[in-house]
Amino acid sequence: MPRLTLRPPLPPLDRVALLLDLDGTLLDLAPRPDAVVVPTDLPKALRTLRRRLDDALAVITGRPVETVDALLGDAIFAVAGEHGGAFRYAPGRAVERPALPSPPPAWLDTAEHLAATHPGVLLERKARGFALHYRAVPAAGTELREGLARLLTGSQDFELLQAHLLWEVRPRGADKGKAVATLMDHAPFRGRLPVFLGDDVTDEDAISAAAAMGGVGLRVQDAFGDAAGVRAWLQAIASNGDWPCGSPTSTR
């Protein structure tokens, strides 16, 4: 369990909107993104936490919304997927997408070829982009980056993003900081203070956005150690109805 005192302190729980990254934060990283495991006790803890927060509980992730819903069901009230390229604002609501471009089909053909020529690389398709995961073959990272960078030469609409042993092509204008701001403009998050947890470079925008809005951004490695530490902390909040003693140290 975290043992350091948070500076600045966390806002009172009844004023908080809790926003969580998925892979590496809520769930342990897996060799393949489709091999992540949801601990059996996690959905129940999240549902209890959601009730304590009056539904102000969301996941903000690079994954598609549909993937999060398949993993967690209605345990999470809202989901921002694809780095803010898709939003599901409440359980059962249709997915809404900001006006962002989709990559040319020829780019996906090239990504498929790159994956096929590097056994172990996984192509993840998204509505407005795609990612090449190379956790199984770390040595392929440089060649994959070079191949994708050539695709984006001269493009003003897309950018190449690095995360945990993956390269992702995503439209400019979609990032987790904007996703925080968008969610916080909707009920039940509106009027609360965001507390965001994330573990990767793609989470830095959200950490900064949460702090800028008067909330708190926490890096998993600094505050909890790993995803298991995050889950233990969330379970303590769900059980006790308040922040655990010895809350984690803020990164802002």
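Data overview
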| read-out | value |
| --- | --- |
| Residue count, the stretch 62-79 (criterion: closer than 14 Å to Val180 by Cα, at pLDDT 95 or above and either in contact with a His (Cβ under 9 Å, 6 or more places away or on another chain) or surrounded by fewer than 19 Cβ atoms within 10 Å (Cβ to Cβ) (or both)) | 1 |
| Contacts under 8 angstrom Cβ, first residue in the stretch 215-237 being on the phi < 0 side of the Ramachandran plot and assigned to a helix (DSSP H, G or I), partner of a type in the set (Asp, Glu) and surrounded by fewer than 22 Cβ atoms within 10 Å (Cβ to Cβ), 6 or more apart | Val220/Asp226; Ala227/Asp28; Ala228/Asp28; Gln235/Asp41 |
| Residue within the stretch 67-85 that is among the acidic types (Asp, Glu) and farther than 23 Å from Met184 by Cβ present | no |
| Single condition Leu123 does not satisfy, out of (1) surrounded by fewer than 18 Cβ atoms within 10 Å (Cβ to Cβ); (2) under 21 Å from Thr67 (Cβ atoms); (3) out of contact with any Phe, Trp or Tyr (no Cβ under 9 Å at 6 or more places or on another chain) | (3) |
| Boolean, Asp157 is in the same structural domain as Ala86 (by TED's automatic domain parsing) and either touching a residue at least 60 places away in the same chain (Cβ under 8 Å) or over 14 Å from the mean Cα position of the chain (by Cα) (or both) | no |
| Failed item, numbered, when Pro194 is tested on (1) crowded, with 22+ Cβ neighbours inside 10 Å; (2) under 14 Å from the mean Cα position of the chain (by Cα) | (2) |
| Selection within the stretch 128-167 - over 20 Å from Ala30 (Cβ atoms) and aromatic (Phe, Trp, Tyr) | Phe158 |
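The values are calculated or read from the model by the stated rules, or taken from the named source; none is laboratory data. The shown structure was predicted, so the numbers you read here are calculated from the model rather than taken from an experiment. Reconstructed Cβ throughout: ideal geometry from the backbone, glycine too, with neighbour counts over all protein chains shown.
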